[in-house]
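What follows is a short report on a single structure.
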Amino acid sequence: MTKKTVLCYGDSITWGYNPANQNRMSWDERWTGVLTKGLDDNYNVIEEGLKGRTTTWNDPVDGASKNGLNYLIPCLESHKPIDLCILLLGLNDLKKRFSLPSIEIARGITVIIEVIKKSGTGINGSAPKILLLTPPIINPVESLSQEFRNSHNKSRKLPGYYAKIARNYGLEFLDISKIITVSELDGVHINVDEQFKLGNLVLKKVKQIME
């Protein structure tokens, strides 16, 4: 039996950063764990979350390893053939040090999508299917990190750009920003309850796509 491979490529939300204690959530608390548990044994879910990962930008503080484009091809090649690639990126592009307008962040995710579509890492050398998720909307709480100051309005514009990208490229799309709420503790990440909610949303969507 050949298992279906689902690659989850994202940042600290996919990694499972817990705003309550700054540690990593346990496997069964992360949305990828919820997805894995909800699927049957015919699926292989691969977690590829990295704290601070951007779409296509080298981080001047944290380095080039945070650039999601740099690791993308090795990641795809390592796990091929891939049936479905779930993308959840763009949150870290909102940091003040990048000074990017929303449309440039959208262009970054477009580059990631084009690389996946041209990679030949799907079944029989085809492109993997892509499910594009929007980042959650940053909440301007008092404790919001200085890194994300003044990013709320930019983050609100991303879902519209992402929806248009999904239409243009014929991708599967899920606007989690309408359903998932960031923690009041840091205004950026999501707590365990929202991780469960996200995992179940993605699970339902993956079943629609794959079954």
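The values are calculated or read from the model by the stated rules, or taken from the named source; none is laboratory data. Because the structure is a prediction, the values reported are computed rather than measured. Glycine gets a Cβ as well: all are built from the backbone with ideal geometry, and neighbour counts include every protein chain shown. Calculation scope for accessible area: heavy atoms of the full protein, side chains included, ligands and nucleic acids excluded. Shrake-Rupley method; radii C 1.70, N 1.55, O 1.52, S 1.80 Å.
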* Those residues of segment 177-211 which are in a helix (DSSP H, G or I), hydrophobic (A, V, I, L, M, F, W, C) and either under 26 Å from residue 154 (Cβ atoms) or open to solvent by 50 Å² or more (accessible area, probe 1.4 Å) (or both), in sequence order -> 196, 198, 201, 202
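Residues checked against (1) within 22 Å of residue 58 (Cα to Cα); (2) small (Gly, Ala, Ser); (3) out of contact with any strand residue (DSSP E or B) (no Cβ under 7 Å at 6 or more places or on another chain):
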position	(1), (2), (3)
125	no, yes, yes
139	no, no, yes
163	no, yes, no
177	no, yes, yes
196	no, no, yes
200	no, no, yes
208	no, no, yes
* Please enumerate the residues belonging to segment 130-152 that are under 10 Å from residue 94 (Cα atoms), open to solvent by 20 Å² or more (accessible area, probe 1.4 Å) and either among the small types (Gly, Ala, Ser) or modelled with pLDDT of 85 or more (or both). => 152
* Residues of segment 165-176 satisfying the condition of being in contact (Cβ under 8 Å) with a residue 12 or more places away in the chain and open to solvent by 20 Å² or more (accessible area, probe 1.4 Å) -> 169, 171, 172, 173, 174, 175
* Single residue of segment 52-63 satisfying the filter (at pLDDT below 95 and charged (D, E, K, R)) that is nearest to residue 162 (Cα to Cα) -> 59
* Consider residue 3 carefully, then state whether it is farther than 30 Å from residue 99 by Cβ and at pLDDT below 95. => yes
* Asked: In segment 123-164, how many are touching a residue at least 40 places away in the same chain (Cβ under 8 Å) and part of a loop (DSSP other than H, G, I, E, B)?
  -> 15
* Given the conditions (1) open to solvent by 20 Å² or more (accessible area, probe 1.4 Å); (2) touching a Gly at 6+ places or on another chain (Cβ under 9 Å), and given that residue 155 satisfies all but one, which numbered condition is not satisfied? -> (1)
